[in-house]
Structure formats: C-alpha cells, structure tokens
1. What is the residue count in the stretch 333-365 for residues that are surrounded by 20 or more Cβ atoms within 10 Å (Cβ to Cβ) and in contact with an Asp or Glu (Cβ under 6 Å, 6 or more places away or on another chain)?
2. Which residues, counting only those in the stretch 364-386, are assigned to a helix (DSSP H, G or I) and closer than 23 Å to LEU35 by Cα?
3. If you scan the stretch 17-47, which residues turn out to be open to solvent by less than 40 Å² (accessible area, probe 1.4 Å) and either touching a His at 6+ places or on another chain (Cβ under 7 Å) or over 18 Å from CYS107 (Cβ atoms) (or both)?
4. Do the conditions hold for LEU35, that is, is it in contact with a Cys (Cβ under 9 Å, 6 or more places away or on another chain), touching a residue at least 24 places away in the same chain (Cβ under 8 Å) and not in a helix (DSSP H, G or I)?
5. Tally the residues that are outside any strand (DSSP E or B) and either without any contact (Cβ under 8 Å) to a residue 40 or more places away in the chain or small (Gly, Ala, Ser) (or both), restricting the search to the stretch 280-289.
6. Which residue, of ILE247, ILE287, ILE325, ILE309, is hydrophobic (A, V, I, L, M, F, W, C), open to solvent by less than 40 Å² (accessible area, probe 1.4 Å), over 22 Å from CYS204 (Cβ atoms) and touching a Leu at 6+ places or on another chain (Cβ under 6 Å)?
7. When you scan the stretch 71-93, how many residues do you find that are in contact with a strand residue (DSSP E or B) (Cβ under 7 Å, 6 or more places away or on another chain) and not hydroxyl-bearing (Ser, Thr, Tyr)?
8. Determine, yes or no, whether VAL165 is surrounded by fewer than 19 Cβ atoms within 10 Å (Cβ to Cβ) and outside any helix (DSSP H, G or I).
Amino acid sequence: MRLSMWAYPWDLQDLGVETTYDDYRNKAGVNSISLAASYHAGRFLQPRSPHRKTYFPQDGTIYFTPEAKRWEEHKIKPLTADNLTEKGDMLSVLIDQRQKHGLAVSCWTVCLHNTRLGMQHPDDVTRNAFGDPNLYSLCPSSPAAGNYVTTLVADLTHNYQPDMVELESIGFMGFNHGYHHQKDGVGLNTEDEFLLSLCFCDHCVKGAKRHGVDATVAHQQVRDLIEASCHRESPAAQFPNFPTDDIAAFKGLAALYGFLQWRSQPVTSLMDSIKKAAHPNSRIVLIEGEECWKDGIDLTEINKACDGIIMCAYEASPDEITDMIKATRKTIGSEKYLGFGASAFFEHVKSSDALNQRTQAAVSAGVDGINFYNYGLIPEPRLNWIKNSIKPIRD
C-alpha cells in the first residue's frame, strides 16, 4: 500500500534531507513523499523548523526548474520560486536519490488556484454572475489556463518523472475558499456560496452555448437568485433539497440545471489533456473531497481521463469515511487508484486513536493508499500518530 505525507520544499531545506528521510521511513513509517511542486500563498506555522516559526511562501510559484522552450509561445507562464534558486531544487534531490532513500516520489501540484497569475491574466479567471473576477482562480474553460496546467504537468513529468502527480484545484474553486480579510455581513448559506461560485466568464458562456445550453437564461437566473439573497433581512434557503440532492436540487430551473450539467465538461476535458501530455511513467491522480461536484467534478467521467482519485476527508467520522470510500470505489472501479487523504492537524483529529480509527476505516473500505497532511506543519510527536495509525497495515 502507498503511504505518503504531503510536504513543502522549505520543510526539507530547513530540516535537511537526511532528517526528512529518517522522519518519513522511521518516525512516521511511510513509504512515499508527496512534495509540493506548484503552490499558492499563505502563512504557515513551522513547529519544527530550526530557522523560523512562520513562513510566507511566494504566491503562485513552482518549485522545479521549467524547460524554457516548452513555454515560449504560451500566454500564461510559470514563475520559479526564489526559494528554489536560493536554497536548491528539492524535487531534483528526491528524484536523484530515490534508490538511496527508498521512498516513492509524488508531485503535489496546485493547478488553477493562483492569485499571482489571476492578477496578471484577469481575462482567464472565473467570474461570478455579476462579472466580478475571482482572482485566485484561473478558469478551466479558458484555453490559456488549460494550456498552462497541461504544459506544467508535461514539463514536470517529462523532465523529472515522479512516480505520481497529485493534482489539486483542477476545477472551479468555490466562493468560500478563504481570502485575506474577507467580509460577509449577509450570512451566506451553502446555497448562496454555491451560486456565487458559478462561473459565467466569456469562456464558460461560449462553451456552454456550443453544447446547446441556454447560458444567457442560466446567467440571469443565477443573478436573480443572488440578488434575492442579498436583499433578505435574514438568510433563508431557496432550494431546501440543496446540497443533499446536489445539482438536481435546481431541476426546476431548466436553463440553470442544464448549465450545471455542462459545467463538468471543461474540467474533464482539461484532465484528458493533462493525461495525454504527461509522461507515461508518472501516474496522474486527482485530489478532491466528498462534495467535489460543487467544483464541477464528475467523478464518473473524470475518472476515465486519469489514473485515480485521492479523496480527502479531514473531519469525517469513521462511518462517513467508510461510506465515502465505498461509494467512490463503486464509481471509479477496481482498476483505478483510490487514495484517502487524512489530516494530523489537531483541529481535525484529537488523538492517535482517532487518527487510527479513520485510517483503518479507509483501509477496510478498500483504499490503495493514504496521504497524511502535513509533514512540516505538525509537531514531531504527531509523526508517531501516523506510524501507529498505519502499523496494522505494515504488519
């Protein structure tokens, strides 16, 4: 079974690769490392770093050396992080030393979530029904954004050949993603947040119309629904069966329902493009969560275009995890890779036993691997929680 931990390049730079190898193999007991190859901004508490306790990475950069000629004709181009030139290419070290450390190497790759690129290319970001740009989210319907992600993965796999590439944020990002000092005095409910997450940029409207969807009417319907929520004295649901019935809750609005059915098409198409351009030695998998349909992910269709799915459930109960994994396995079939993403953050799991219960539920339900979040962000003793949780698997 594949057992991995997500990590950042600066974790390896601060702690040293030999310490990292020992932590992974012996203290956590895992057999794979999932290193961030493309990432966004944030503020990170670094509990074990000998050099700092907080870290602010550059926004929207990559942590590998791109092949310049691949990008010559591209509108959207990646920026290599200063971290890589100043402190070394950690992915290259891991790849070159695979035989030494014995760990499989995966590239954890953030795709469309990129505020730096969104600000540079506002014509290629998602836009709500009022035309407001979501600068943190490139749109999967944008040809330039699609070419960027496809070339990014092609570059990464052909020049580094990791064992696996784990794709994050390949779909439409939600309105409630989190942003610097975000404000909401209305009290948006889940229905409102979903409606504000729907993209009606020019690329989406044209793409939907090409598939016979009345995007103009759908656009107006969503505008009206959002306007209504903004003028109510108190929040109230307009669709009581949402999100239980997912997009079927909107069947009463034919144009909107048709638009929501189409919405997964550009995401699936993007995954197909990525997979075809990637080196065959690197498996391409998707990182998602239980309500991935909100991001425009149709698991049945996108599964045909990739090598598998990692389903994350950081706060779910063991029973909920069992149900989620069994349902996903039924959807993707027995031949595709199915991973489970578990968190070792204290806000998500309060004890070693609790983490063990979750991982065992996933294993019993039929996963092929487990990814743990996150190496550099948890105290050292919690590596033992991970080791204890996978001990029955290793034994």
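1. Total satisfying the criteria: 1.
2. Here is the first cut: in the stretch 364-386, the residues assigned to a helix (DSSP H, G or I) are 364-365, 375-377, 381-386.
Selection gives TYR375, GLY376, LEU377, PRO381, ARG382, LEU383, ASN384, TRP385, ILE386.
3. Of the residues in the stretch 17-47, the ones open to solvent by less than 40 Å² (accessible area, probe 1.4 Å) are 17, 20-21, 23-24, 28-30, 32-40, 42, 44, 46.
Within the stretch 17-47, TYR21, ASP23, ALA28, GLY29, HIS40, GLY42, PHE44, GLN46 qualify.
4. Numbers: in contact with a Cys (Cβ under 9 Å, 6 or more places away or on another chain): yes; touching a residue at least 24 places away in the same chain (Cβ under 8 Å): yes; not in a helix (DSSP H, G or I): yes.
Considered against the rule, which asks whether it is in contact with a Cys (Cβ under 9 Å, 6 or more places away or on another chain), touching a residue at least 24 places away in the same chain (Cβ under 8 Å) and not in a helix (DSSP H, G or I), LEU35 comes out as yes.
5. Going residue by residue through the stretch 280-289, those that are outside any strand (DSSP E or B) are 280-282.
Okay, now just the ones that are also either without any contact (Cβ under 8 Å) to a residue 40 or more places away in the chain or small (Gly, Ala, Ser) (or both), so 280, 282.
Final tally of qualifying residues: 2.
6. Working: ILE247 fails: over 22 Å from CYS204 (Cβ atoms); ILE287 fails: touching a Leu at 6+ places or on another chain (Cβ under 6 Å); ILE325 fails: touching a Leu at 6+ places or on another chain (Cβ under 6 Å).
Just a single option satisfies the conditions, and that option is ILE309.
7. Initial filter on the stretch 71-93 (in contact with a strand residue (DSSP E or B) (Cβ under 7 Å, 6 or more places away or on another chain)): 78-81, 90-91.
Retained after the next criterion (residues that are not hydroxyl-bearing (Ser, Thr, Tyr)): 78-79, 81, 90-91.
The number of residues fulfilling the criteria is 5.
8. On the way: surrounded by fewer than 19 Cβ atoms within 10 Å (Cβ to Cβ): no; outside any helix (DSSP H, G or I): yes.
Answer is no for this residue.
The values are calculated or read from the model by the stated rules, or taken from the named source; none is laboratory data. Being a predicted model, the structure only gives us computed values, none of them experimental. Virtual Cβ from ideal backbone geometry, glycine too; neighbours counted across all protein chains shown. We work out accessible area using only protein heavy atoms, side chains counted, and drop any ligands, DNA or RNA first. Shrake-Rupley method; radii C 1.70, N 1.55, O 1.52, S 1.80 Å.
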